1. Distance cut-off 31 Å, Cα to Cα: go down the list Lys31/Lys134; Lys97/Lys237; Lys66/Lys98 and report the pairs above it.
2. With a 1.4 Å probe and every protein chain left in place, work out the accessible area per residue of the chain in Å², rounded to a whole number.
3. Quick one: angle between helix 154-167 and the longest Cα principal axis of the chain, in degrees between 0 and 90, rounded to 10, please.
4. Distance from the Cα centre of the stretch 130-181 to that of the stretch 256-277, in angstrom?
5. Given the rule -39500 (n - 2.57) for each run of at least 4 DSSP H residues, summed and divided by the residues of the chain, what is its mean residue ellipticity at 222 nm, to the nearest 500 deg cm²/dmol?
6. Output the pairs from Lys57/Lys140; Lys131/Lys192; Lys25/Lys84 with a Cα-Cα distance over 21 Å in this structure; if there are none, say none.
7. Taking just the C-alpha trace of the stretch 131-228, give me its Rg and Dmax in Å.
8. Going by alpha carbons, how many degrees (0 to 90, nearest 10) lie between the helix axis of 76-85 and the longest principal axis of the chain?
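The values are calculated or read from the model by the stated rules, or taken from the named source; none is laboratory data. In this text, all values refer to a predicted model and were calculated from it rather than measured experimentally. Reconstructed Cβ throughout: ideal geometry from the backbone, glycine too, with neighbour counts over all protein chains shown. Just so you know, the surface numbers come from the protein's heavy atoms only, side chains and all, with ligands and any DNA or RNA stripped out. Shrake-Rupley method; radii C 1.70, N 1.55, O 1.52, S 1.80 Å.
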Amino acid sequence: MKQSHGVVKPKTKRAKRFLDNRASKLTENVKNAMIMKGGNTSMTVTQALKDIYALKKPNAVLYKKKNITRPFEDSTSLEFFSKKTDCSLFLFGSHNKKRPNNLIFGRLFDFHVLDMIELGIETYKSLSDIKISKCPEGTKPMLVFAGEAFDIDNDHKRLKSLLTDFFRGPVVQSVRLAGLEHVLHFTALEGKVYMRSYRSLLKKSGCRTPRIELEEIGPSFDFALRRTHLASDDLYKKAHKQPKALKPKKKKNISHDTFGTKFGRLHMQKQDLAKLQTRKMKGLRKRGRPVPDATAVEGKEPQKTVQADAE
């Protein structure tokens, strides 16, 4: 690739396809996540990063080498790796005496850090600790958020939005019933966030609708909410702005009620009821007057003709 006046021009078809894939689109690509560890980590943090990478695959990049950086103080290295791997989400793990077993969930907008939330691991069960068959790789999970804090507290609202972005996977038009087998449950209670991973089992119920049971498959986390770095309201609104081409056009004279029933309004000219076509009935027909006989007019009775039976 050669660069002229700040514009990168590809020399080969492969480079052109690479740049076309990175270019802005009306419908963006699936959000990828980069998972990396800091200069000091523990076995708990390392295994937690691997388990979250297993949940996120194939839309994730796992860095095995250590990266000596502090995201809350300097995020230039994160922005560099984000631009290099085309990732808009990141997970950074570290460990020190002041903040042991630390995980930082974050996302970027235009290759600049938008918001970050730091969570501390208090209790952890890995995928290998629970000896049960797991969900296939790339399964789209169902996300469940429980707790009033996700609807009231501003930090928990952003955390809910961030976790939804991180784990929701690709956008699909339809999902088969058998594909709804992975459930990620997040509970906010007393300043802590509990994350559980379940596999849904469809059992026989004696009717058409199956009976659903949940089986824990791991990983399991008990998080404590620590530091936060949230974007301003203006920048947050700008990051959620959609192009005009994607906004649905409003259709005139069409409305919906509370239950989703569709109503349409028709505009017609004033009708002339005199020319209205109605149903014709025999009783309403106009009968013509009977035509009088010529002999009856002259006062003579008509002659009766008698037909003799043939012998």
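1. Details: Lys31/Lys134 24 Å; Lys97/Lys237 37 Å; Lys66/Lys98 19 Å.
The answer is Lys97/Lys237.
2. Working: 23400 Å² over 311 residues.
Roughly 75 Å² per residue, with all protein chains present.
3. 80
4. That distance is 45 Å.
5. That calculation yields -6000 deg cm²/dmol at 222 nm.
6. Result: Lys131/Lys192 exceed 21 Å.
7. Reported Rg and Dmax, both Å: 15.2, 50.
8. Between the helix axis and the principal axis of the chain, the angle is about 50 degrees.
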